[in-house]
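> Take a look at the following structure, please.
No lab work stands behind these numbers, since they all come straight from the coordinates. Keep in mind that what you see is a predicted model, and the values were worked out from it rather than measured. Cβ atoms come from the backbone with ideal geometry, glycine included; neighbour counts cover every protein chain shown.
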Amino acid sequence: MNNNIRVRFAPSPTGHLHIGGLRTALFNYLFAKKNNGKLILRIDDTDITRSKKEYEDLIISDIKWFDIKYDEFYRQSERKDIYEKYLKILEEKGYVYECFCTEEELLRSKELSINLKKPYIYNGRCLHLNGAEKENLRKKLADAGLVPSIRLNMLKLGCEQVEFEDMVHGKVVFNVKLLGDFVLKTSDNRFTYNFASIVDDIDLGITHIIRGEDHISNTPRQILLCRALGTGCPMFAHISLLYGKDGKLMSKRDFNANLEHYKKEGYLPQAVLNYLAITGNTFIVNDERFSDEIFTSFDEMAHYFDIKRTKSSGAIFSEEKLKFVNEKWLQQLNTDDLIYAIKEKFILTDYINVSDINSINISSSINNTDIESAEIFDVIDYAEKEYGKERLRCIIDFLKNEYKTVKEIILELDNVFLYKGKYNYFDKDITELLFENLKETTGNKPEASGFNEILIKNAIQKISKENKKNIKDIYENLRMALTGKTNGPSILKIAVLLGKERVISKLTI
RNA sequence: GGCCCCAUAGUCUAGCGGUCAGGACGUUGCCCUCUCAAGGCAGUAACACGGGUUCAAAUCCCGUUGGGGCUACCA
C-alpha cells in the first residue's frame, strides 16, 4: 500500500462548516487514516471579499470538535507567490493570454447566449487582438484601476475531450469545446478557484482529491491545467451530496445543516461521524458485525472504509437515523469517557442554566457548606458536588442507557437528580404510606446496604396488601413524587440512585 | 437552454445474469414491565417506465421520464 497518500480538505471561509462539508472532511480523514496518509487542511480564501477570518476560526474549531485531525495547514491567501510561479510556467509555454473584456461586455454576451438558447462559452475575442488594440484596451482598464485578466488558451492545448476515472463514478467524459477559455487570474489581480485549487493540489503533492460532487464539472478544467503545466494529476473521487427531506441540496438555510444544531441537541461527535460515514456509503457486506452499522471507534471505521464503495447517488439526510446511531453510541460508550465528553464537548448552559439550579437548590442543599464554597461551572460539576464522583458515575451510567441524546440526559439529571423542590403527588394517603414505610423499613442502616430495589419493592407490596391499595397506583405515585412525571425509566432504580435521604425528603408532605 | 451526475420500500442501503430481492432506520403488533424507552419476536413496504440482448435481467445496452448538480473575473 502506498504510504505517501496525501489528501486535503479545502473549505472556503465564507460561512459555517455545514454537515455536507463535514462529511467531505470525514471521507478525506477516513481515506488518509485507512491508507496511512496525511490530511491537509487548506483554507480556500482566494475570494477576499467573501472570506472572513471568523469563519476560518469557526471551521477549524468545528473540525476539532469532531476530532478530525489534520497534519498540515495552509491558507491560499498566503500562497500567491506559488500561483504566480505556476502562472509564469503557463505564460512561458504560451498557454495563456490576456483578456481585456469588461464585466459588462461579458455579461452582455452571456445574456445573448441565453436568449438564443445557446450554451454560453467565452468567445475568445481577446485572443486575436493586435498589439495596438491591446495597449488601447489596457489603458482603458487601467483607468478603472484594473489589469487584464488571464485566460487559459484551450485551442493551444489542443484537446478535444477530457476524460478521467473517478473513484466513485467511474469514467467521466467532458467535451473541451464547451468549457471555454476560463479565467485564471482576475482583473483585480486575484487567482480564481479553478487555478489556485489545482496548483495547490499539485504543489502540495496531493494524491487524491476527495470532494463533493458539485465539483465534478470543475474537474476537466483542472485536469487541463495539469496537462498545460506538464505535471501529473491527482486521482479524483466525487462523493455524493447530502439532501434535505425536500430532495434539495442541504444549504445553510436548513437548520440541520448547521453543525451548531448537533451540539445543541446533544449528539455525540462520534455518532454524527458514524452516521455521516454510513449514509451514501457501505462498509463491509455479509458481516453481521456491521449489520446495524454502528462502529465502536474511529479506527475501526477507518479500517473498514473503502472509498470505492461510496454510492454515487445522493442521499437524503435523516435525523431519525442519526438519533438511533447516537443512542447506540451512548449505550456503548464507556461512562467515564461519556462524562468527559459531556464536560468537554457540550455547552451545558444550553440545556440548563447553572445559576437557576443554584438559586433554587443551594439554599436547601443537604451539604450546603460544601456547595456554597465550591465553584460551580455546570450541571455535571454541580451533580458531582452533590453526589460525589462515584455516585454520579452510576447515575450517568444509568441515564445513558435510557436516553438518546446528551441533552436528554442532562435534562433528566437536572429534573430528577438535582431538583430539590417537591413535585406534586397524586394521592396523599399513598405518599404518607410510602414515607412511613420507606423510613421505617430501612431503619437507620447506611444507604448503600439498606436502600435497594428489592427493599423498595417489598415495601410497596406491603403497602398494597395492608392498605388495599393498587400496586400500580403506588408506583405511579412514587414516580410522580420523585420525578414529577407519569413515565420514565425504572422508578425503583431512580429511587436507589437518589438515595434514601432524598427519597424520604421528596415524600415528606 | 447546454453539460454532467443519479435512479431498489417513506429513508439509508445489499445485490455485479438464475435470490422466496437481503439488512438497517422508521412504522405496526406481540412479549417483557410500575410507566416510557431499551431489548426480544413477528409484520409492513421497493427493483421509475418502455424497448432490446439472453434460455434467463434489479443486474448488460438504448431510449423515455423523473430528481439533482454545474453552467462566473464564487469557492
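> Which lysines does A:K33 reach when only Cα atoms under 28 Å apart count, and residues fewer than 8 places away in its own chain are ignored?
A:K64, A:K69, A:K171, A:K263, A:K308, A:K311, A:K321, A:K323, A:K328, A:K343, A:K345
> Name the lysines eligible as straight-distance cross-link partners of A:K177: C-alpha to C-alpha under 18 Å, and not fewer than 8 places from it in the same chain.
Within the straight-line cut-off, A:K177 pairs with A:K110, A:K117, A:K118, A:K156.
> Still on this model: Based on the Cβ-Cβ distance of A:D427 and A:S490, what FRET efficiency does E = 1/(1 + (r/R0)^6) give at R0 = 22 Å, to the nearest 0.05?
0.60
> After finding the eigenvalues of the alpha carbon gyration tensor for chain A, what semi-axes result from the square roots of 5 times each, listed largest first in whole Å?
Equivalent ellipsoid semi-axes, largest first: 64, 23, 19 Å.
> Right, another one. Which aspartates and glutamates have a Cα less than 17 Å from the Cα of A:K80, not counting those fewer than 8 places away in the same chain?
Excluding near neighbours in sequence, the set is A:D44, A:D45, A:D47, A:E91, A:D188, A:D200, A:D201, A:D203.
> Could you compute the FRET efficiency for A:T102 and A:T14, with r as their C-beta to C-beta distance and R0 at 25 Å, rounded to 0.05? Working shown, then result.
Details: r = 25 Å, r/R0 = 1.02.
It comes to 0.45.
> Something else now. What's the FRET efficiency of A:M235 with A:D67 using the Cβ-Cβ distance as r and R₀ = 35 Å, to the nearest 0.05?
The pair A:M235/A:D67 has a calculated efficiency of 0.85.
> Along the Cα→Cβ direction, 7 angstrom out, place labels at A:D350 and A:E133. What is the inter-label distance in nm?
Output for this residue pair reads 5.9 nm.
> Using a simple spin-label model with points 7 Å from Cα along the Cα→Cβ vector, what separation in nm is obtained for A:S291 and A:E320?
Calculated label separation equals 2.2 nm.
> Okay, next question. Taking neighbour counts of Cβ atoms within 10 Å as a proxy for exposure, in what order, fewest first, do A:S12, A:S318, A:S61 appear?
Ascending Cβ contact count within 10 Å gives the list A:S61, A:S318, A:S12.
> Next up: Compute the projected area of the convex hull of the Cα atoms of segment A:53-185, averaged over all viewing directions, and report it in nm² to one decimal place. Working shown, then result.
Numbers: hull surface 51.2 nm².
Result: a mean projected hull area of 12.8 nm².
> Any chance you could run the full-extension gain for A:N470 through A:K389? It's 0.36 nm times the residue separation minus the Cα-Cα distance, nm to one decimal.
Extra length available between A:N470 and A:K389 comes to 25.4 nm.
> From Cα coordinates alone, what are the radius of gyration and Dmax values for segment A:172-247 in angstrom?
My reading of the Cα-based Rg and Dmax gives 13.9, 44 Å.
> To the nearest Å, what is the center-to-center distance of segment A:164-211 and segment A:262-322, using C-alpha atoms only?
Centre-to-centre distance over Cα atoms comes out at 29 Å.
> Enter the Cα centre distance for the pair segment A:60-74 and segment A:95-112, rounded to the nearest angstrom.
One Cα centre to the other: 40 Å.
> Running Debye on segment A:223-318 with equal point scatterers at the Cα sites and no solvent, what base-10 log of I(q)/I(0) appears at q = 0.10, 0.16, 0.24 Å⁻¹?
-0.39, -0.84, -1.26
> Is there a pair in A:K468/A:K500; A:K407/A:K485; A:K404/A:K462 whose C-alpha atoms are over 27 Å apart, and which pairs would that be?
A:K404/A:K462
> Modelled label-to-label distance, A:E91 and A:K252, 7 Å Cα→beta-carbon offset: nm?
Spacing of the two 7 Å Cα→Cβ label points: 3.5 nm.
> If the only charges are +1 at each Lys and Arg Cβ and -1 at each Asp and Glu Cβ, what is the size of the charge dipole of chain A around the Cα centre, to the nearest 20 debye?
Working: 75 positive and 77 negative charges, 213 e Å.
Roughly 1020 debye for chain A.
> If the rule is a partner Cβ under 4.7 Å, which cysteines in chain A fail it?
Isolated Cys, chain A: A:C101, A:C159, A:C394.
> Give, in nm to one decimal, the length gained when the segment between A:E453 and A:E78 is fully stretched (0.36 nm per residue of separation minus the Cα-Cα distance).
128.5 nm
> Something else about it: What does segment A:1-99 give for Rg and for Dmax, in Å, if only its C-alpha atoms count?
15.9, 47
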